[in-house]
Structure formats: structure tokens, C-alpha cells
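Here is the structure we will look at.
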Amino acid sequence: MSGADEPAAGWDGDAVVATARQLAETEGWAAVTARRLAEHAEVDLGALYRRFADREAVVAAVAVGGFADLAAALVAARSAADGEHRAWSAVMAAYLDFAYANPEVYDAMFAHTPDLTLGAERVPETIAATSDELRAALAPLCAGRDADTLAELGWSLLHGLVMLTRGGRLRPEAQEQRERMLGERLFGPP
């Protein structure tokens, strides 16, 4: 490898992933092509292909980064919550804020990367961190229920709410009420 084919010193693909994320969020995933990534990230097309085998590898990298960002938002929300019994409401709000603010990244995380399975034995660390934060936020509300199952249910409800809301399938005027019910009432004592 020499000359124009070499990535810049220290180049590890972060610029490409950030560019892919930005292009997807502003123009949709159809706009994320190898040529545009190379041009916008100012990297050689050959070097791009050496780092990312195909578009799916770039989307997967965006998804893993999205899970890292989501986990960080959930950690911050749980840490800032007013007591452990308010953690779920805070984490839930942070989850929804992330999903609505980053719809294309959210789609990369859940729709465009079927190999990033959530229930597999070898779950990527960033996905596990997201799951762990949801579990930690719901743990004080378990009251004898299985914490992992409750976390899976909470995640499922959040994901369903995001997808149905984004798809225009739910009454917009009831969004605040749905979120309040999910955050404050649904996971109360059995």
C-alpha cells in the first residue's frame, strides 16, 4: 500500500462513520455511497474499501456508535434521576429523545443491521450497555419480577412507541399521555 491508497496517518474510519451518520440523517441512507463517503470524509476510495468491505459494514459501524451514544444518554439520565424510583422515567425520556432526534441512526441500529442481534450470546458491548442501563433503571420496580424480562419488555415498548409514532400510526395529541403512562404507571408494583 502506498501513495494515494494509504489512509492518512492515524485514520481509523471515525471520519467515515461520522460522515455516514451525517449524510444519513440529512439525506437518508440512499445518499450514503462509497464515493460520497470518500469525498466528504476526504479519504481515498481504495482506503475506504480496505477499512469497510461494503456499505453494510459502514451502516453496522454507525449502528454500533449509535448504541454507544444511546447507552451514554441512558447512563446520564439514570445518574441525574431524582432517586432510583424515578430512574425509569428519566431513562425512558432519554431513550425517546435519542430515537426521535436520530431517526436514521436508530434505523441503522434496529432495521438495517440484522446481524447485531440483541439476544445473542455474543452481543456487542455497546448493545449490552444499552440493555444494562434499561435493566438498571427498571430494577427498583421489579417487585419480584425477573429484571431481565422486565427490561426486555420495557425496551420492546419503547421501540414500539418510537416506530409507531414515527410511522404516524398513533394519535399525535396523545403522545404526552402515552409517555407519561409508560414512564410513571405501567411498571408500577405488581
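Every number in this text was worked out from the coordinates using simple rules, so none of it is lab data. Quick caveat: nothing in here was measured; it's all calculated off a predicted structure. Here the Cβ is made from the backbone with ideal geometry for all residues, glycine too, and neighbour counts use every protein chain on show.
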Subject >> Estimated distance in nm for a label pair at Ala18 and Arg122, the labels positioned 7 Å out from Cα along Cα-to-Cβ >> reply: 3.0
**OP:** Let me know the Kirkwood hydrodynamic radius for the chain, please, with Cα pairs as the basis and the value in Å to one decimal.
**Re:** 18.1
**OP:** In whole angstrom, note down how far apart the Cα centers of the range 82-133 and the range 19-75 are.
**Re:** 19
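Taking 0.36 nm per residue of sequence separation and subtracting the Cα-Cα distance, how much length would be gained by fully extending the chain between Ser79 and Met163, in nm to one decimal? Show your work: numbers first, answer last.
Details: separation 84, 0.36 × 84 = 30.24 nm, distance 2.67 nm.
Answer, rounded to one decimal: 27.6 nm.
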Original post:
How would you order 95-108, 76-89, 168-181 from highest to lowest mean count of nearby Cβ atoms within 10 Å?
Top reply: 95-108, 76-89, 168-181
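In the neighborhood of Leu186, defined by Cβ-to-Cβ distances under 13 Å, what is the net charge if each Lys or Arg adds +1 and each Asp or Glu adds -1?
Residues near Leu186 contribute +2 overall.
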**OP:** Can you give me the three principal axis dimensions of the range 89-151 from its C-alpha atoms, in Å, biggest first?
**Re:** 36, 28, 15
Original post:
With helices defined as uninterrupted DSSP H runs, which ones in the chain have an alpha carbon span along their own long axis of at least 30 Å and mean Kyte-Doolittle hydropathy of at least -0.5?
Top reply: 55-80
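So, by mean Cβ neighbours within 10 angstrom, what's the order for 57-65, 146-154 with the highest one leading? It would help to have the intermediate numbers written out before the result.
On the way: 57-65: 22.1, 146-154: 16.1.
My ranking of the peptides, most packed first, is 57-65, 146-154.
Test of understanding: express the Cα radius of gyration of the range 29-125 as a ratio to 2.2 N^0.38 Å, with N the residue count. Mind dumping the intermediate values first?
Values: Rg = 16.4 Å, N = 97, 2.2 N^0.38 = 12.5 Å.
With N residues counted in the range 29-125, Rg over 2.2 N^0.38 Å equals 1.31.
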**OP:** For an R0 of 35 angstrom, estimate the FRET efficiency from the Cβ-Cβ distance between Ala143 and Glu25 and round to the nearest 0.05.
**Re:** 0.30
